[in-house]
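Notes for the one structure printed next.
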Amino acid sequence: MARDLTASVITQLQAASVEVGILFEGEFASGWVRLWSGIGNLSWDSKTWSGVGTLLGISAIDETNEIRASGLTVTLSGVPSDLLAAALGDARSGKTGRVYLAFFSGGSVVADPVLQFEGRLDVPAIEDGEDTATIAISYESELIDLERARERRYTPEDQAIDYPGDLGFAYVAALQDAQITWGR
(Lines give C-alpha, C1' and ligand atoms only; values in the text may rest on other atoms or scores of the structure.)
Protein backbone atom coordinates (compact mmCIF):
# COMPACT_ATOMS: atom_id res chain seq x y z
CA MET A 1 0.00 0.00 0.00
CA ALA A 2 1.39 3.40 -0.94
CA ARG A 3 2.01 5.88 1.84
CA ASP A 4 2.51 9.61 1.89
CA LEU A 5 5.91 9.69 3.56
CA THR A 6 7.68 12.94 4.30
CA ALA A 7 11.24 13.56 3.10
CA SER A 8 12.57 13.22 6.66
CA VAL A 9 10.93 9.79 7.06
CA ILE A 10 12.40 8.61 3.74
CA THR A 11 15.83 9.85 4.84
CA GLN A 12 15.54 7.91 8.11
CA LEU A 13 14.48 4.74 6.29
CA GLN A 14 17.53 4.96 4.02
CA ALA A 15 19.97 5.52 6.91
CA ALA A 16 22.48 2.84 7.89
CA SER A 17 20.99 2.53 11.40
CA VAL A 18 17.53 3.54 12.50
CA GLU A 19 16.14 4.18 16.00
CA VAL A 20 12.39 3.63 16.11
CA GLY A 21 9.74 3.84 18.76
CA ILE A 22 5.99 3.42 19.12
CA LEU A 23 3.72 6.24 20.23
CA PHE A 24 0.18 5.57 21.46
CA GLU A 25 -2.51 8.10 22.25
CA GLY A 26 -5.96 7.18 23.45
CA GLU A 27 -8.98 9.22 24.45
CA PHE A 28 -10.58 8.33 27.78
CA ALA A 29 -13.31 9.90 29.93
CA SER A 30 -10.76 11.93 31.91
CA GLY A 31 -8.86 13.09 28.79
CA TRP A 32 -6.10 11.90 26.48
CA VAL A 33 -3.44 9.39 27.54
CA ARG A 34 -0.17 9.54 25.59
CA LEU A 35 2.46 6.82 26.00
CA TRP A 36 5.59 5.87 24.13
CA SER A 37 7.87 2.84 24.11
CA GLY A 38 10.91 4.59 25.59
CA ILE A 39 12.00 5.86 29.00
CA GLY A 40 11.13 9.34 30.33
CA ASN A 41 8.97 12.05 28.84
CA LEU A 42 8.98 12.88 25.14
CA SER A 43 7.73 16.08 23.50
CA TRP A 44 6.21 15.88 20.04
CA ASP A 45 3.38 17.78 18.36
CA SER A 46 3.22 20.16 21.35
CA LYS A 47 2.20 17.21 23.55
CA THR A 48 4.01 15.28 26.27
CA TRP A 49 4.23 11.51 25.90
CA SER A 50 5.04 9.42 28.99
CA GLY A 51 7.64 6.71 28.56
CA VAL A 52 6.66 3.26 29.78
CA GLY A 53 9.48 1.25 28.18
CA THR A 54 8.76 -2.44 27.71
CA LEU A 55 5.56 -2.23 29.75
CA LEU A 56 3.74 -1.05 26.59
CA GLY A 57 2.75 -3.69 24.06
CA ILE A 58 1.02 -3.34 20.69
CA SER A 59 -0.37 -6.31 18.79
CA ALA A 60 0.38 -6.81 15.10
CA ILE A 61 -1.25 -4.30 12.77
CA ASP A 62 -2.89 -6.02 9.81
CA GLU A 63 -2.80 -4.27 6.46
CA THR A 64 -4.44 -5.74 3.40
CA ASN A 65 -5.49 -4.65 -0.06
CA GLU A 66 -9.07 -5.63 0.79
CA ILE A 67 -11.60 -3.31 2.35
CA ARG A 68 -11.82 -5.08 5.68
CA ALA A 69 -12.08 -4.03 9.29
CA SER A 70 -9.10 -4.95 11.43
CA GLY A 71 -8.16 -4.09 14.95
CA LEU A 72 -5.31 -4.11 17.40
CA THR A 73 -4.76 -4.47 21.11
CA VAL A 74 -2.75 -2.08 23.28
CA THR A 75 -1.38 -3.72 26.41
CA LEU A 76 0.02 -1.99 29.48
CA SER A 77 1.58 -4.28 32.05
CA GLY A 78 2.83 -3.54 35.54
CA VAL A 79 -0.21 -1.45 36.53
CA PRO A 80 -0.64 -1.29 40.33
CA SER A 81 -3.78 -3.13 41.41
CA ASP A 82 -5.19 -0.08 43.20
CA LEU A 83 -5.28 1.87 39.89
CA LEU A 84 -7.25 -0.79 37.99
CA ALA A 85 -10.70 0.52 38.87
CA ALA A 86 -9.74 4.05 37.85
CA ALA A 87 -8.21 2.85 34.57
CA LEU A 88 -11.18 0.70 33.60
CA GLY A 89 -13.70 3.29 34.79
CA ASP A 90 -12.21 5.79 32.33
CA ALA A 91 -12.50 3.50 29.29
CA ARG A 92 -15.42 4.48 27.04
CA SER A 93 -16.45 2.48 24.01
CA GLY A 94 -16.09 4.41 20.78
CA LYS A 95 -13.30 6.76 21.92
CA THR A 96 -10.38 7.33 19.56
CA GLY A 97 -6.99 5.60 19.73
CA ARG A 98 -3.93 6.10 17.50
CA VAL A 99 -0.59 4.32 17.07
CA TYR A 100 2.39 6.05 15.43
CA LEU A 101 5.80 4.81 14.30
CA ALA A 102 8.44 7.40 15.23
CA PHE A 103 12.11 7.80 14.27
CA PHE A 104 14.64 9.06 16.84
CA SER A 105 18.16 10.37 17.10
CA GLY A 106 19.70 11.08 20.48
CA GLY A 107 16.37 10.63 22.23
CA SER A 108 14.41 13.20 20.20
CA VAL A 109 12.01 12.76 17.31
CA VAL A 110 13.83 13.53 14.03
CA ALA A 111 11.14 12.63 11.51
CA ASP A 112 7.41 13.08 11.44
CA PRO A 113 5.88 9.98 13.06
CA VAL A 114 3.83 7.89 10.66
CA LEU A 115 0.26 7.08 11.65
CA GLN A 116 0.03 3.27 11.64
CA PHE A 117 -3.47 2.76 13.05
CA GLU A 118 -6.48 4.80 14.08
CA GLY A 119 -9.59 3.25 15.52
CA ARG A 120 -12.19 3.29 18.25
CA LEU A 121 -12.00 1.70 21.67
CA ASP A 122 -13.84 -1.59 21.74
CA VAL A 123 -13.25 -3.68 24.86
CA PRO A 124 -10.90 -3.31 27.84
CA ALA A 125 -9.78 -6.46 29.67
CA ILE A 126 -7.61 -7.05 32.73
CA GLU A 127 -5.41 -9.82 34.04
CA ASP A 128 -5.01 -9.31 37.75
CA GLY A 129 -1.86 -10.56 39.48
CA GLU A 130 -0.81 -10.35 43.14
CA ASP A 131 0.75 -6.88 43.07
CA THR A 132 0.32 -5.66 39.52
CA ALA A 133 -2.04 -6.22 36.63
CA THR A 134 -2.10 -6.07 32.85
CA ILE A 135 -4.68 -3.97 31.01
CA ALA A 136 -5.42 -4.89 27.39
CA ILE A 137 -7.57 -2.48 25.39
CA SER A 138 -8.88 -3.52 21.98
CA TYR A 139 -9.38 -0.98 19.22
CA GLU A 140 -11.37 -1.57 16.04
CA SER A 141 -11.06 0.18 12.71
CA GLU A 142 -13.91 2.50 11.75
CA LEU A 143 -14.61 0.09 8.88
CA ILE A 144 -16.26 -2.20 11.44
CA ASP A 145 -19.36 -0.02 10.95
CA LEU A 146 -19.75 -1.55 7.48
CA GLU A 147 -20.61 -4.87 9.14
CA ARG A 148 -23.34 -3.40 11.33
CA ALA A 149 -26.92 -3.84 10.11
CA ARG A 150 -28.82 -0.63 9.47
CA GLU A 151 -32.42 -0.68 10.53
CA ARG A 152 -34.51 2.04 8.97
CA ARG A 153 -38.29 2.16 8.61
CA TYR A 154 -40.59 3.91 6.19
CA THR A 155 -42.29 5.93 8.91
CA PRO A 156 -42.73 9.66 9.48
CA GLU A 157 -40.53 9.42 12.60
CA ASP A 158 -37.69 7.76 10.69
CA GLN A 159 -37.95 10.31 7.85
CA ALA A 160 -37.78 13.16 10.39
CA ILE A 161 -34.32 11.95 11.52
CA ASP A 162 -32.80 13.02 8.21
CA TYR A 163 -35.37 15.58 7.02
CA PRO A 164 -37.19 17.37 9.86
CA GLY A 165 -40.54 18.78 8.74
CA ASP A 166 -40.82 16.49 5.68
CA LEU A 167 -44.30 14.96 5.44
CA GLY A 168 -43.40 12.44 2.71
CA PHE A 169 -44.25 9.39 4.82
CA ALA A 170 -47.08 10.93 6.85
CA TYR A 171 -49.73 9.27 4.65
CA VAL A 172 -48.10 5.87 4.04
CA ALA A 173 -50.09 4.13 6.81
CA ALA A 174 -53.37 5.33 5.30
CA LEU A 175 -52.41 3.86 1.91
CA GLN A 176 -52.42 0.27 3.23
CA ASP A 177 -56.21 0.00 3.32
CA ALA A 178 -57.00 2.58 0.63
CA GLN A 179 -59.17 1.50 -2.31
CA ILE A 180 -57.80 3.20 -5.40
CA THR A 181 -59.78 3.06 -8.63
CA TRP A 182 -57.50 2.93 -11.61
CA GLY A 183 -58.83 3.52 -15.11
CA ARG A 184 -62.63 3.29 -15.76
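The values are calculated or read from the model by the stated rules, or taken from the named source; none is laboratory data. Bear in mind the structure is a predicted one, so any value in this text is a computation, not a measurement. Note that we place each Cβ from the backbone using ideal geometry, even for glycine, and neighbour counts take in every protein chain shown.
Return yes or no: is Val74 out of contact with any Cys (no Cβ under 8 Å at 6 or more places or on another chain) and under 19 Å from Val123 (Cα atoms)?
Values: out of contact with any Cys (no Cβ under 8 Å at 6 or more places or on another chain): yes; under 19 Å from Val123 (Cα atoms): yes.
Yes; evaluated as a whole, the condition is true for this residue.
Taken over segment 142-184, residues that are out of contact with any helix residue (DSSP H, G or I) (no Cβ under 6 Å at 6 or more places or on another chain), among the hydrophobic types (A, V, I, L, M, F, W, C), farther than 30 Å from Arg98 by Cα and in a loop (DSSP other than H, G, I, E, B) amount to 4.
State all residues of segment 84-126 that are of a type outside the set (S, T, N, Q), within 12 Å of the chain's Cα centre (by Cα) and assigned to a loop (DSSP other than H, G, I, E, B); if no residue qualifies, say none. Correct list: Arg92, Gly94, Lys95.
Residue check: is Glu27 surrounded by 16 or more Cβ atoms within 10 Å (Cβ to Cβ) and either under 15 Å from the mean Cα position of the chain (by Cα) or among the polar types (S, T, N, Q) (or both)? Let's see the steps before the verdict.
Details: surrounded by 16 or more Cβ atoms within 10 Å (Cβ to Cβ): yes; either under 15 Å from the mean Cα position of the chain (by Cα) or among the polar types (S, T, N, Q) (or both): yes.
Yes: the conditions hold for Glu27.
Scanning segment 66-83 for residues that are small (Gly, Ala, Ser) and under 18 Å from the mean Cα position of the chain (by Cα) yields Ala69, Ser70, Gly71. Before we move on, is Pro156 modelled with pLDDT of 85 or more, more than 17 Å from the chain's Cα centre (by Cα), farther than 30 Å from Glu19 by Cβ and surrounded by 12 or more Cβ atoms within 10 Å (Cβ to Cβ)? Here the answer is yes, as Pro156 does meet what is asked. When each of Leu167, Leu175, Leu115, Leu143 is tested for being in contact with a Phe, Trp or Tyr (Cβ under 7 Å, 6 or more places away or on another chain) and of a type in the set (A, V, I, L, M), the lone residue that passes is Leu115.
Quick grid of which residues meet (1) at pLDDT 80 or above; (2) under 25 Å from Ser8 (Cα atoms); (3) assigned by TED's automatic domain parsing to the domain that holds Asp128:
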| residue | (1), (2), (3) |
| --- | --- |
| Arg34 | yes, yes, yes |
| Leu55 | no, no, yes |
| Leu76 | yes, no, yes |
| Val79 | no, no, yes |
| Asp82 | no, no, yes |
| Gly106 | no, yes, yes |
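May I ask you to list the residues in segment 80-111 that are farther than 19 Å from Tyr139 by Cβ and of a type in the set (Phe, Trp, Tyr)?
Going through segment 80-111, the residues farther than 19 Å from Tyr139 by Cβ turn out to be 80-86, 103-111.
Matches in segment 80-111: Phe103, Phe104.
Just so you know, in segment 42-58 the residues that are touching a strand residue (DSSP E or B) at 6+ places or on another chain (Cβ under 7 Å) and not in a strand (DSSP E or B) include one that is surrounded by the most Cβ atoms within 10 Å (Cβ to Cβ), and it is Val52.
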